[in-house]
Each structure stands twice: as C-alpha cells, then as structure tokens.
Amino acid sequence: MKIGAAGRVPGSVSLVAAMALAVFRQVRQALVNLNPAEVRAEADRPVRLGLIAASQESLGRMEKFFAPPHLSPERRAEALQMLIRGGGPSCDVELYESSLLRPSRAFSFDPEAPDDCVRRVVRKREDLMLPLARHLEPFRKEVAHHVIRTVAKENALFCLVTALPDVVPSLVSVPWMVGEYGSDAAFLTMNQIRMGFLLAAASDRAVGYREQRSEIASIAVGAFGWRALARELVAKVPFGGGLIPKAAIAWAGTFVAGLSLERLYRLGYGFTRVERRTAYEDAFENGKQIAGMLLQGLTRQRKAV
C-alpha cells in the first residue's frame, strides 16, 4: 500500500470525504424540521414591560437602563414604546423598584444592580426571552448566554441518553426524539444551527437559512474540527473515551460555537482559530463536570424506574 507525501493513505481521504458527505446529508434532512420563520415570529411578537417606581426620577432611571441613550433616536423610540410607566393589565412583565412592595408575579428592580433583575426575568420567563432581547438591548447578553448554556446541555444530555441502555429520562428539555437521527453528529450539528437561529433573533439580526448561510456553513464545517480536537483531549483523559468525555465534547463544541456566534452578532467578528482552541479546552474541562452531574441524574432516574 502506497503512502502519500503527507504520510496519509490516499484511500483514507476518500473514505473521510464519504463519511463527511453522509453526515451532511443527515444534517440536511434534519434541518427540514427547523423553521426559522417560527423563530422570527416568536422574536418579533410585541412585548410590554411595566415599570413601577416611587418617583418620576426613579422611573426615568429605569427607562434609561432599558432604552439607553447611545441607541439611535429611532431605536430608542421603539424601545420606549415597550416600556409602560405604572404597569397595568397590558404588560407581560412588571418591574417594581426594589424599595416598593410588589406582587409575587412581579420582579424587583434594584437601580444599583439592574442586571440581577434581567437575569431573574430571563430565568423565570423563558417564553418572553426572545422578544425581550430583540427589542430591549440590556436583555441580549443574558438571553444569548442562556440559549448557549441550554443548547449545550441538550447536546451533552443527548450523548448520554444515546449511550446509556434502558434509560427512560424526562426529555422535556430536548426538543426532538432521540430515534429520529442517524448519528450523534447529525443531531448535534442540527441543534447548533437551531442555536444560531435563536442567537440571531435575540441579537436583532436577520434569521434564516439564506440570511445566515455563512454561520450555518461555519457550524457544519466546524463540527468536524472540534471533533478532531476532541479526540486529542479525550486521549489525555485518564478514564479514556467513556460517557463523560463524550458528553463533554458535545458540551464544549456547542458552547464554543455559541460564544463565537454571540460575539459575531455583537461585535461583527467571531473567534480566531487560536481563540477557538483555547475556549474549547476551557469548555471541555467545564463540560466534564456538567456531564458528570447529568450522568448522576440519569443514573438515579434509571434506578427509580
């Protein structure tokens, strides 16, 4: 058997290409189930944020936080239309200045720590996070990170579920049934593309296959890159290629892809190759801890069934 100048077996190149083509075909089929129009519609829905404070001055500070002065006059006017002084039945969410008593369904807004209020709203009202982020800039970073963590967890959980026999976990957080996909790579890549739609919507960017074709191509091609890098990292793990490294790989690849997309939409450029590798190594270590906790939960649930 002849070896090429680069030290590779020529036939192996065509084999890798064939495997890659098979995965891309699976991904393309899986994408039929993704509808960016639904994401756009959800993000564009009107939302009203009620502001209740002890004084007009305090109301002004709250408005200034959610509709900051650095916005263009047009964008700031749009944001202000989402803010309802005094709240009321038309409001989707009501925020009370922290010095005031508030109903249990409302949220407390501390002028000294406004981001804490944003985090609580995103955590408790996931149904509103996309329109809040699309229309009100202070929600964008928190919503983006929430989306990234959620999808990364879904992908790690998927790897564990498909590898564990006789597990009947609660998959309400995973949006597709495991058996619908021919490979882990197809599901993980598809879910990353879904994440791309959500991040674009939350960042007030165009959402769709054509509008995001470069980002989708980057995700699809990057899936092979981070899987190759993952093989290097797994080889260094004492317990070998077991369940936890596999799920950690899925977490890390998804998490880094999400962070790069978030920066692209926020600043106009994503991670460089060096930044991506560094971020992946850090995410892989964090992913091992998360995968371990997920595996413990699945194991307990299996014993309880």
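For the stretch 58-70, indicate whether the set of residues that are closer than 16 Å to Asp110 by Cα and among the polar types (S, T, N, Q) is non-empty.
Yes, some residue in the stretch 58-70 is closer than 16 Å to Asp110 by Cα and among the polar types (S, T, N, Q).
Of all residues being among the basic types (Lys, Arg) and in contact (Cβ under 8 Å) with a residue 12 or more places away in the chain in the stretch 101-138, which is farthest from His70 (Cα to Cα)? Just the residue, please. It would help to see each step written out before you state the result.
Keep residues of the stretch 101-138 that are among the basic types (Lys, Arg), which gives 102, 105, 119-120, 123-125, 134.
From the residues that got through so far, the ones that are in contact (Cβ under 8 Å) with a residue 12 or more places away in the chain too are 102, 119-120, 123-125, 134.
Details: Arg102: 31, Arg119: 22, Arg120: 25, Arg123: 27, Lys124: 28, Arg125: 27, Arg134: 16 Å.
Per the stated criteria, the residue is Arg102.
Conditions (1) modelled with pLDDT of 85 or more; (2) part of a helix (DSSP H, G or I); (3) buried (at least 19 other Cβ atoms within 10 Å of the Cβ), marked per residue:
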| site | (1), (2), (3) |
| --- | --- |
| Gly241 | no, no, no |
| Ile244 | no, yes, yes |
| Phe255 | yes, yes, yes |
| Ser260 | yes, yes, yes |
| Arg266 | yes, yes, no |
| Tyr269 | yes, no, no |
| Glu275 | yes, yes, no |
| Glu281 | yes, yes, no |
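Let's see how each residue does on (1) of a type in the set (Gly, Ala, Ser); (2) modelled with pLDDT of 95 or more; (3) out of contact with any Lys or Arg (no Cβ under 7 Å at 6 or more places or on another chain):
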position: Leu49; (1), (2), (3): no, yes, yes
position: Ala67; (1), (2), (3): yes, yes, no
position: Pro89; (1), (2), (3): no, no, yes
position: Leu100; (1), (2), (3): no, yes, yes
position: Phe107; (1), (2), (3): no, yes, no
position: Asp115; (1), (2), (3): no, yes, yes
position: Arg123; (1), (2), (3): no, yes, yes
position: Glu137; (1), (2), (3): no, yes, yes
position: Ile148; (1), (2), (3): no, yes, yes
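Consider only pairs whose beta carbons are under 6 Å apart and that are at least six residues apart or on different chains; among these, list those whose first residue lies in the stretch 60-80 and is over 23 Å from Tyr96 (Cβ atoms) and whose second residue is part of a loop (DSSP other than H, G, I, E, B).
Within 6 Å, the pairs are Arg76/Ala67.
What do you reckon, is Ala152 closer than 29 Å to Ala77 by Cα, crowded, with 20+ Cβ neighbours inside 10 Å and at pLDDT 90 or above?
No: the conditions fail for Ala152.
Looking only at residues that are among the hydrophobic types (A, V, I, L, M, F, W, C), touching a residue at least 12 places away in the same chain (Cβ under 8 Å) and in a helix (DSSP H, G or I) in the stretch 38-59, which one is nearest to Asp127 (Cα to Cα)?
Among them, the one singled out is Ala43.
Going by the structure shown, is Phe109 within 24 Å of Leu199 (Cβ to Cβ), surrounded by 17 or more Cβ atoms within 10 Å (Cβ to Cβ) and in contact with a helix residue (DSSP H, G or I) (Cβ under 7 Å, 6 or more places away or on another chain)?
For Phe109, the condition - within 24 Å of Leu199 (Cβ to Cβ), surrounded by 17 or more Cβ atoms within 10 Å (Cβ to Cβ) and in contact with a helix residue (DSSP H, G or I) (Cβ under 7 Å, 6 or more places away or on another chain) - is not met.
The values are calculated or read from the model by the stated rules, or taken from the named source; none is laboratory data. Since the structure is predicted, the reported quantities are computational estimates derived from the model, not experimental observations. Every residue, glycine among them, receives a Cβ derived from its backbone with ideal geometry; neighbour counts consider all protein chains shown.
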